[in-house]
Amino acid sequence: MNGSRAVHPGVPGGTLGHPSVTHATMNLRKLREAEALFLQRYPGGFQNEEMQKVLAKRHNVGKLSEFAASALAKKNFAKPGALLDDIVKIVSRSSMVSMFEKPKFRDYVNGLARGDREILVAGYKRLLHGNQEKGFNDVLDVLSEGKLAKWSLMTIHLHHFKPQEEVFVKPTTTKNVIRQFELTDLEYKPRPSWAFYERYRAIIGEMKAQLDPTLSPNNAAFTGFLMMSTAVDQ
């Protein structure tokens, strides 16, 4: 891999508290080249006026993340009915989830039996406020029953709740980033898994640490920068 080397910025990963994980191997030369091209086109990174207009037109990350931080606060899990309503609202309002998945998710969650609703609420509580791996798998089990075990639905709440820490996994973008930057530690699979998510989150953190901070006001913006870089290279 020409230009590849392991990077060791000391970026954390893992479950709540994010203990460190093994550092990644990536093509740092390609990453630096992508940074230079992006900043040449958009001086100031995501603070660039043109880029701000694009973000305002296409995405609502800021406002929805504010809503998620309030709606998914730990105290609100005491009212599971309202909590699940807000879980559905986040999916319905997000510009990052496909129009096909939104009504399917809404109808499935609203139609769950009481026992399954309790399991789903407990899963989201663990995912956002406790044992993330256990919560991830609990949510995955419930969504799998409705054939909704999609990366987008599994990671949208994580991302909006903590947009600077968690990542949104969009399959096409993720596969292209792995290919373009030669992330040999990662093997993408369509079915969501905590092992992949945890590793991908850690690697995104390592990549961010190598570049200008104006490229990463949040992790969705940073992966957007990576996505645009892969499109230019093709």
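Of Ala202, Ala220, Ala36, the residue with the greatest mean-square motion in the GNM of the chain, using alpha carbon springs below 10 Å, is Ala36. Look at the alpha carbon pairs under 8 Å that are at least 6 residues apart: their mean separation over the length of the chain gives a relative contact order of 27 percent. With θ taken as phi - 60° and the Karplus curve 6.51 cos²θ - 1.76 cosθ + 1.60 applied, the whole-hertz 3J(HN,Hα) list for the stretch 119-130 is 4, 5, 4, 4, x, 5, 5, 5, 4, 9, 9, x Hz, x standing for glycine and proline.
Taking GluC sites (Glu not before Pro) in DSSP loop conformation with at most 15 other Cβ atoms inside 10 Å as exposed sites, the chain has its longest uninterrupted site-free stretch at 1-164. Our helix-only sum for the chain, with -39,500 (n - 2.57) per DSSP H run of n ≥ 4 divided by its residues, gives a mean residue ellipticity at 222 nm of -19000 deg cm²/dmol.
Amide hydrogen proximity for Thr25: with H placed 1.01 Å from N in the peptide plane, the residues at 5 or more positions away or on another chain lying under 5 Å are Thr184, Asp185. Segment Ala82..Thr184, full-extension length gain: 32.5 nm, with 0.36 nm per residue of separation and the alpha-carbon distance subtracted. Each residue in Ser229, Ser92 was given a count of other beta-carbon atoms within 10 angstrom of its own, and listing them fewest first yields Ser92, Ser229. Expressed as an acute angle from 0 to 90° and rounded to the nearest 10, what is the orientation of the C-alpha long axis of helix 132-145 relative to the principal long axis of the chain? Once rounded, the angle reads 60 degrees.
What the phi angles of the stretch 152-160 give under the Karplus curve with 6.51, -1.76 and 1.60, with θ = phi - 60°, is a coupling list of 4, 6, 6, 10, 5, 6, 4, 4, 5 Hz, glycine and proline written as x. Here Lys74 is the anchor, and the lysines within straight C-alpha reach of less than 19 Å, apart from those fewer than 8 places off in the same chain, are Lys89, Lys125, Lys134, Lys162. Overall dimensions of the stretch 31-132, expressed as equivalent-ellipsoid semi-axes from the Cα gyration tensor (√(5λ), whole Å, largest first), are 35, 16, 13. With θ taken as phi - 60° and the Karplus curve 6.51 cos²θ - 1.76 cosθ + 1.60 applied, the whole-hertz 3J(HN,Hα) list for the stretch 34-50 is 5, 4, 4, 5, 5, 6, 5, 7, 10, x, x, x, 6, 8, 4, 4, 5 Hz, x standing for glycine and proline.
Relative to the dominant Cα principal axis of the chain, helix 101-110 is inclined by about 30°.
No value in this document is a laboratory result; all are computed from the given coordinates. This one's a predicted model, so the numbers in the text were calculated from it and none came from an experiment. A quick note on method: Cβ atoms are made from the backbone with ideal geometry, for glycine too, and the neighbour counts reach across all protein chains shown.
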